[in-house]
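Every read-out reported here was derived from the displayed coordinates using simple, explicitly stated rules and does not represent laboratory data. This one's a predicted model, so the numbers in the text were calculated from it and none came from an experiment. With ideal geometry, Cβ positions are generated from the backbone for all residues, glycine too; neighbour counts draw on all protein chains shown.
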Amino acid sequence: MDKKFISIVAAIMFFGSLLVLQGVFSQPDSITIDNPGLYATDKYQGAPFAHKKHADALKDCKKCHHTWKEGAKVKKCVDCHTKDSKLTAKKAFHANCRGCHRAMKKAGKPTGPTPCTKCHPKK
């Protein structure tokens, strides 16, 4: 085979793999944490969550995704924290998210909100 052809194919494979890896390791900038119909009363909207900002700041995915194994697909919290589980998604989110915000506030560090309607606008 022609060396030029092999070089072109190698370059295409290299840059193609970079695009694939970018997709594998990227995370959305923002998501909405919402579980409509999960609770008897859905009087609040979902909470917008700056996922990338938190991931960049924490540098440890397992702070939130505590059962995640490196290389595996990340599950949604509600896959395990169902409405019938001992630790529901609502309780898990509030303990983890609001708990972290409260601890940071107590330590005098800048942090996110803790009151209900600061995260969840009323419907």
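In table form, for the structure just shown:
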read-out: Whichever residue in the stretch 47-100 is more than 16 Å from the chain's Cα centre (by Cα) and of a type outside the set (Lys, Arg) and, among such residues, is nearest to Thr117 (Cα to Cα); value: Gly99
read-out: Filtered residues of the stretch 85-109 (kept if polar (S, T, N, Q), more than 15 Å from Leu58 (Cβ to Cβ) and surrounded by 14 or more Cβ atoms within 10 Å (Cβ to Cβ)); value: Thr88
read-out: Tally, over the stretch 53-62, of residues that are over 18 Å from Ser30 (Cβ atoms) and surrounded by 11 or more Cβ atoms within 10 Å (Cβ to Cβ); value: 1
